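To start, the structure under review is shown below, and the notes come after it.
Coordinate-derived values only; no laboratory data. On a predicted model such as this, the values are computed, not experimentally measured, just so you know. All Cβ positions, even for glycine, are placed from backbone atoms using ideal geometry, and neighbour counts span all protein chains on display.
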Amino acid sequence: MDDKIETVEVDIRGQVCPATLLVALKHVNEHGSNIRNGSMKLVLKTDNRDATVTIPDSAVNMGYSVNVEKKDNFYSISIGALDAR
């Protein structure tokens, strides 16, 4: 319910692992402090099914919360602060 959370969307559709993971990690590292303090969430759009495992596993290991949703023709991977509800 916090309207002040900025959403950064990154479209990585068409890329395959490990490129999807490398791009995701670049953005997570770039925005890490804002994601951790809850002022930002990162949303990745991918059509690579492997990325729905590799990206969330890496983000969780780094201490972030992750949500994966199947959309019509892609997956949406949201990465946020652990305490974000």
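Which value, in debye to the nearest 20, gives the size of the charge dipole of region 6-80 about its Cα centre, when Lys and Arg are +1 and Asp and Glu are -1 at the Cβ?
Rounded to the nearest 20 debye, it is 60 debye.
Relative to the current alpha-carbon distance between Asn73 and Ser39, full extension at 0.36 nm per residue lengthens the span by 9.4 nm. Under the simplified labelling scheme, the Arg13-Val53 pair shows an inter-label distance of 2.3 nm, with each label point 7 Å from Cα along Cα→Cβ. Rounded, prolate or oblate for region 1-44? Axes are the square roots of the Cα gyration tensor eigenvalues, ordered a ≥ b ≥ c, and the cut-off for rounded is a/c under 1.5. Here region 1-44 falls in the oblate category.
Taking 0.36 nm per residue of separation and subtracting the Cα-Cα distance, full extension of the segment from Asn29 to Asn61 would add 10.2 nm. When both bridge partners sit in the chain, DSSP labels roughly 65% of those beta bridges antiparallel. Using only the Cα atoms of region 6-80, build the gyration tensor, take square roots of its eigenvalues as a ≥ b ≥ c, and label the shape rounded, prolate or oblate: rounded if a/c is under 1.5, else prolate if a/b is larger than b/c, else oblate. Taking the square roots of the gyration eigenvalues as a ≥ b ≥ c, region 6-80 is prolate.
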